[in-house]
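Coordinate-derived values only; no laboratory data. Note that the structure is predicted; figures quoted are calculated from it, not measured. Because the Cβ atoms are built from the backbone with ideal geometry, glycine has one as well, and the counts that use them run over all protein chains shown.
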Amino acid sequence: MADSITPNPTLTGAEILLATLAGEGVTTVFGYPGGAILPVYDVLRKFPNLHHVLVRHEQSAAHMADGYARATGRVGVCMATSGPGATNLVTGLATAMIDSIPIVAITGQVSSKVLGTDAFQEIDITGITLPITKHNFLVTRAEEIAPVLREAFQIARSGRPGPVLVDITKDAQQAAAAFDFEAAKPRPYRPHPMLRAESSSMQEAVTLIRQAKRPIILAGHGVVESGAERQVLALAEAHRIPIASTLLGLDAVPAEHPLCLGMMGMHGESWVNNAIQQADLLLAFGMRFDDRVTGNLTKYSPNSKKIHVEIDPSEINKNVRVDVALIGDLKEVLSLLMPLLETHPRPLESHGSEWLKQINAGKGNASVRDIINLPDNGHLYAAHVINDIWHEAAAAGRLEQTIIVTDVGQHQMWEAQYFKHHAPRSLITSGGLGTMGFALPAAIGAKVACPEKDVWVIAGDGGFQMTAAELSTIVQEGLAINIAVINNGFLGMVRQWQETIYEKNYASSPILSPNFVLLAAAHGIAGATVKQRADVIPNARLARTSGKPFLIEFQVEKEDGVYPMITPGSALHEMLRRPQHDPLIELPEEP
Amino acid sequence: MLHTFIALVQDRPGVLTRVASLFRRLNINIVSLTVGESERAETSRMTIVCDAHENAADRIRASLYKLETTISVDEVNRTDAVVRELCLIKVAAGPSHPHGLHSRSQIFELSQVFRARVVDLAPESIMLEMTGSASKIEGLLQVLRESGYTILEVSRTGRMAMRRGHHTSRVLEALGTRQSLDLQEFPTQDPDALPSDEILPGAFEE
Ligand SMILES: Cc1ncc(C[n+]2csc(CCOP(=O)(O)OP(=O)(O)O)c2C)c(N)n1
């Protein structure tokens, strides 16, 4: 039978499930077996085009599906058994939900006859995942499997994407039913009824853009999700509007472009946040004014008009009140808006060069405090490590072919500041939930999706240990993933908060780690320890070109901080700067 | 302030949980929620009354629409909708009560004034049924109490609302429009547009 589908054969529910996945174009499923999903595993071999990646923990299965989806824009698929298998997915689903990532999670469920009886490994997973999925289904009959799964894929990838969970009882997997992939096709997707970008709002937007003297584009994850990268850049170039990015919008625009300023928000560079505070027009594209981006809302960009282009109407006026809301797919809205702007060309000089000059002056002022400009003083800084990994990839001409997958913490912010992303979907990171342990499994998903790309994990010593068991999965799957563990001996970001807000009360933030290189070796993975800057690039090159998985433990400065930092309650311009005489980065005394 | 939403939703297991869970997540208290069959097959109509900031309505509607099980959502106010509530009241009345046997006839009289109906008569109690606005129901309860009667039990449905006039056709029109992906086709005269004087919901202010 395999993937050649004869018309309306009678199959078991389990076979229908896999045949439907194959029909939806799925080639990889990340999963872990167990009693309630065993009928599916029993027929897995009949579908040789469906590759199953055996994970080491179901949370990782969800992160892998997530990484797969972020790397490609396609729906990622994960699978788990009932009870503990299903509950282990929860963190991964929540991570995907808050970052709008399309995944379909399939869970086995106890037989429909015993539903609700606390049967062995029964858990109400549709109840548990209600707030952390875009939608979920409980399927109790074999006939429902194909239509429900197809609807799940449609929901996951349509509108504002998100995870969908399908819980399938064991008897539904075992029962027989006719399978007709075409007949199981869902009704056309219904766009959110409150989408609207009527011409009056368009005209208002045009007027605001034409009048603005200090406009700035805020590029969010929606730019990538919508595939509007080129439109955004074209708009910026045509009207000379600088672009600031959210963490998930960093790879939406090429960092090296003169109009691209970098990341905004809590650890955004000073010139970016100052520009937002001084702007007279914000063009918010596919972003949701998260608190990490706005700082204190009452003091957020006080003198600007705000245009919000967003696909989810419930995001409008949620955190920041906007003047014009264009509710719809960003790419579609921009394709309507840009011709309107072009018919009223503005004199080239009016937007100004003054404004860009002002912003660039801010860059100059910041550079003296920038750790990246610190000469090699014998210490190893995480910022330098990440910047050198970027240099190495750039020098090899591999930037467009490199995906960085970060964990959560200081290293994540340094990555955002010092790895200059060049191509869409080249940065994979957990933004909204900030899930430690995300990097390694998400990188597996990305590498499976894009085997031809160089995939780097950048993780802290803390987060890496949360899902380090997936090293085994890498080996079992033969994936050449490069792993950089940034070891500072601390839960670094927690330590930094304790330093700035809790008077250096380092309670439970120092963390003991195994010898990461030996840990890798125990898995049959080669590795190296790097303690000085000169060794970063050669080892990064070694890792990238080895054709095998490779782990580098970077032993970096222990009490380094991410700057600038906007402490909770402060406005964007009220940032903590790196001390100009940071004792940590003082040059060694002249002998 | 109180907001009243009328929602058409799929009649499937778990739909009520989805709606209720949404309000819990938004940290909004549901004052009342009624649900029952509608004129359409496999479709329920809900009336949800909730207490939220005056500018929260659009977000609540938008969020309700994000539920895959929602078909349409309408927000109504007192003037453009008929709002009704059903109430059952059990009052102590019988020979052993203060007004003695006289109490029954007095309750009959009171209920006539309020257009309530007597639906059950037991040796020691009377059950009244009343439909009307919430304030009318509260009026009857107050009069009963002030007349010295003991109210044994009250059961209220919470508000049900229906828009006056030809609203249904408007909903269907909207359903037709939304099938179109072409943004330009969206109506320019938009009854649901955000009011220009809208300010931030208080809950998000520092
Ligand atoms: C699952 C989870 N638990 C706790 C946290 C809170 N948290 C945020 S950053 C951080 C420290 C991360 O330390 P490490 O992985 O060593 O990275 P570093 O900050 O040192 O780069 C912690 C504990 C989190 N984000 N996720």
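Here are the numbers for the structure shown:
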read-out: Cα gyration tensor category, rounded, prolate or oblate, for region A:30-73 with a/c compared to 1.5; value: oblate
read-out: Residues A:His221, A:His379, sorted so that the one with the fewest Cβ neighbours within 10 Å comes first; value: A:His379, A:His221
read-out: For the protein assembly as shown, size of Cβ-based charge dipole, Lys and Arg +1, Asp and Glu -1, in debye; value: 840 debye
read-out: Loop chymotrypsin sites (Phe, Trp or Tyr not before Pro), region A:104-161 (other Cβ atoms within 10 Å of the site Cβ: 13 or fewer; DSSP); value: A:Phe120
read-out: Rounded to 5, percent antiparallel among DSSP beta bridges of chain A; value: 10 percent
read-out: Degrees between helix A:199-211 axis and first principal axis of chain A (Cα, 0 to 90, nearest 10); value: 30 degrees
read-out: Taking A:Thr529, A:Thr129, A:Thr406 and counting other C-beta atoms within 10 Å, the order from fewest to most; value: A:Thr529, A:Thr129, A:Thr406
read-out: Value of Rg to Rh for chain A (Rh from inverse mean 1/r over Cα pairs, i.e. Kirkwood); value: 0.99
read-out: Exercise: per-residue mean of other protein chain Cβ atoms within 10 Å, A:197-204; value: 3
read-out: Placed amide H near B:Thr43: partners under 5 Å, 5+ positions off or other chain; value: B:Asp11, B:Ser38
read-out: Ranked packing of A:55-67, A:91-103, most packed first, by mean Cβ within 10 Å; value: A:55-67, A:91-103
read-out: For region B:1-112: relative contact order, % (alpha-carbon pairs under 8 angstrom, 6 or more apart); value: 31 percent
read-out: GluC sites (Glu not before Pro) restricted to region A:241-327 and DSSP loop, no more than 13 other C-beta within 10 Å; value: A:Glu256
read-out: Over 29 Å (Cα to Cα) - which of A:Lys299/B:Lys66; A:Lys318/B:Lys136; A:Lys134/A:Lys185; A:Lys363/A:Lys558 fall in this group; value: A:Lys299/B:Lys66; A:Lys318/B:Lys136
read-out: Relative contact order of chain A, defined on C-alpha pairs under 8 angstrom at six or more residues apart (%); value: 14 percent
read-out: Cross-link partners of A:Lys548 among lysines (Cα-Cα below 18 Å; sequence separation of 8 or more within a chain); value: A:Lys447, A:Lys453
read-out: Cα-based helix-to-principal-axis angle, A:13-23 vs chain A, degrees rounded to 10; value: 40 degrees
read-out: Integer Hz, Karplus 6.51/-1.76/1.60 couplings in order for region B:114-125, x for Gly and Pro; value: 8, 6, 9, 10, 7, 10, 7, 10, 10, x, 10, 7
read-out: Computed E for A:Asp323/A:Glu256 - FRET, C-beta separation, R0 35 angstrom, nearest 0.05; value: 0.65
read-out: For A:Lys306, B:Lys136, order by how many other beta-carbon atoms lie within 10 Å, fewest first; value: B:Lys136, A:Lys306
read-out: 0 to 90° range, to nearest 10: angle between helix A:382-395 axis and chain A longest Cα axis; value: 80 degrees
read-out: Span per principal axis, largest first, for the Cα atoms of region A:64-163 (Å); value: 39, 28, 20
